[in-house]
Amino acid sequence: MKMKTDRLIKSALLLVGGSVLLSSCFLRGAGFPTSEQPGQFSTATNLEFNTPEGFPVAPYEGQPDAPNMVFIEGGRHVMGSFEEDMLTRRDNIERTVSVASYYMDETEIANIHWLEYLFYLQDSVQTNPDIYRDALPDTTVWVGKLAFNDPYVDHYLRYPGFRYFPVVGINWNQANKYAEWRTAAVNQNLSRLYNDDPANAWNGQGRVPLEEGIYIPSYRLPTEAEWEYAAQALIGTQWLDENQTHQRLYPWDGHATRNPYGKEMGYFLANFKRGRGDYAGIAGKLNDGALITSYIYEFPPNDYGLYNMAGNVSEWVMDVYRPLSFQDFDDLNPIRRDGWKDSDSTYRNAPAYNNKKNNPTSYTSLISNQSRVYKGGSWKDVAYWMSPGTRRYLDQDSATATIGFRCAMIRAGSNF
């Protein structure tokens, strides 16, 4: 009996000792300095921070919120098309990549956003009129020799009824210029708010250093990998530990383009072309409700909260197009910036064969270092192109009535 009692006491002491040890480890771990709680003294020199002679360490509560941005937690992802390769291009074979966390615009950039941009560029008209002129969308993209789209040429960009419809007629270069201006505009406002705060008077009135942590990183076009990852939104298919119940053909569940649930059952989940000559359905029961583009919040968002990642307008991404990019990509944060390892000269003078004589000839391809990828289907595309894995390309100086864009942004100070 005594031996049993001794064992119980010993076990209890071990349990208490273990608990104390675990508690001390936890407290010690919790005491480590972090970016948000750097402590009062340097762990490298023991010199005090934020004294008149000491190293200034500004308060930091994480990356500031950026307008219209939705957080996309990164991770592993299978890029590539799960659709039948109707064009037999084999230019997006499945491969596994990892994408770091980032931010993506909740919506496509709308006409009102672009008109705001043009408004602030007016100051440059006197000094450099080319800046304003180069920012104007090409409204002639609506012109058709055999179509009466004249009202859209004159009204689509500027008429108030189209304010929150996606801007079109924007080429890849213009989209990048907008992202640069947007970054400057948002950060200028953040700087003004910072300098107006009496608590920051010690820093003087002027440019705020990057170390203060009040600026957002740059807006930019998403990479193809980021765009495809965000469109798939596979966070909605997770089950248990690192398992996914299924892949997705579209940014929503299922193999159909209609809503299978509730009061909206039977209605389309995106704005696209149903078939030859059928853009919206029958009068009195219009289905997707849009012959051309639609309101940027019109259809249900995907599981990341992003609207119109299929249909409405296709969207520019950062990447240069190459048919075999999937063979050359890095598998962490992949992007193709230029023709490295796959020169455009290969396509300019590529061999072809005369079908009658089987003699080698040559042809000039449209693939070049100015060919940029665009993703997602548009109001003028059939459902095939709404699958996130499909990809097309166009010269970066070209614009159409079917291509718009949205911006992305890195998550600074993060390792995931």
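The values are calculated or read from the model by the stated rules, or taken from the named source; none is laboratory data. What you are looking at is a predicted structure, and each value in this text was computed from that prediction instead of being measured. We place every Cβ from the backbone using ideal geometry, glycine too, and count neighbours over all the protein chains shown.
Comparison of Tyr117, Tyr164, Tyr132 shows that the only residue that is assigned to a loop (DSSP other than H, G, I, E, B), aromatic (Phe, Trp, Tyr) and surrounded by fewer than 20 Cβ atoms within 10 Å (Cβ to Cβ) is Tyr164.
Taking the stretch 270-313 as the range and being free of Cβ contacts under 8 Å to residues at least 12 places away in the same chain, among the small types (Gly, Ala, Ser) and outside any loop (DSSP other than H, G, I, E, B) as the test, only Gly281 passes.
When you look at Ser314, is it hydroxyl-bearing (Ser, Thr, Tyr), within 21 Å of Ser368 (Cβ to Cβ) and modelled with pLDDT of 95 or more, yes or no? For Ser314, the condition - hydroxyl-bearing (Ser, Thr, Tyr), within 21 Å of Ser368 (Cβ to Cβ) and modelled with pLDDT of 95 or more - is met.
Looking at Ile292, Ile296, which is the one that is of a type in the set (Val, Ile, Thr), in contact with a Ser or Thr (Cβ under 8 Å, 6 or more places away or on another chain), farther than 21 Å from Ala225 by Cβ and crowded, with 16+ Cβ neighbours inside 10 Å? Full working, then the answer.
Values: Ile292 fails: in contact with a Ser or Thr (Cβ under 8 Å, 6 or more places away or on another chain).
None of the other options fit; the residue is Ile296.
Taking the stretch 135-161, which residues are assigned to a helix (DSSP H, G or I) and hydroxyl-bearing (Ser, Thr, Tyr)? Those that are assigned to a helix (DSSP H, G or I) and hydroxyl-bearing (Ser, Thr, Tyr): Thr139, Thr140, Tyr152.
Among the residues of the stretch 314-338, which ones are within 14 Å of the chain's Cα centre (by Cα) and outside any loop (DSSP other than H, G, I, E, B)?
Restricting attention to the stretch 314-338, the residues satisfying the condition of being within 14 Å of the chain's Cα centre (by Cα) are 314-319, 333-335.
Within the stretch 314-338, Ser314, Glu315, Trp316, Val317, Met318, Asp319 qualify.
The residue of the stretch 232-252 that is modelled with the highest pLDDT, among those that are surrounded by 15 or more Cβ atoms within 10 Å (Cβ to Cβ), of a type outside the set (Phe, Trp, Tyr) and over 20 Å from Phe416 (Cβ atoms), is Pro251.
Considering the conditions (1) farther than 20 Å from Met69 by Cα; (2) in a loop (DSSP other than H, G, I, E, B); (3) among the polar types (S, T, N, Q), Ser218 is excluded by exactly one of them, (1). If only one of Val70, Val78, Val97 is at pLDDT 95 or above, surrounded by 14 or more Cβ atoms within 10 Å (Cβ to Cβ) and under 25 Å from Pro222 (Cα atoms), which one is it? Going through Val70, Val78, Val97 in turn, just one is at pLDDT 95 or above, surrounded by 14 or more Cβ atoms within 10 Å (Cβ to Cβ) and under 25 Å from Pro222 (Cα atoms): Val70.
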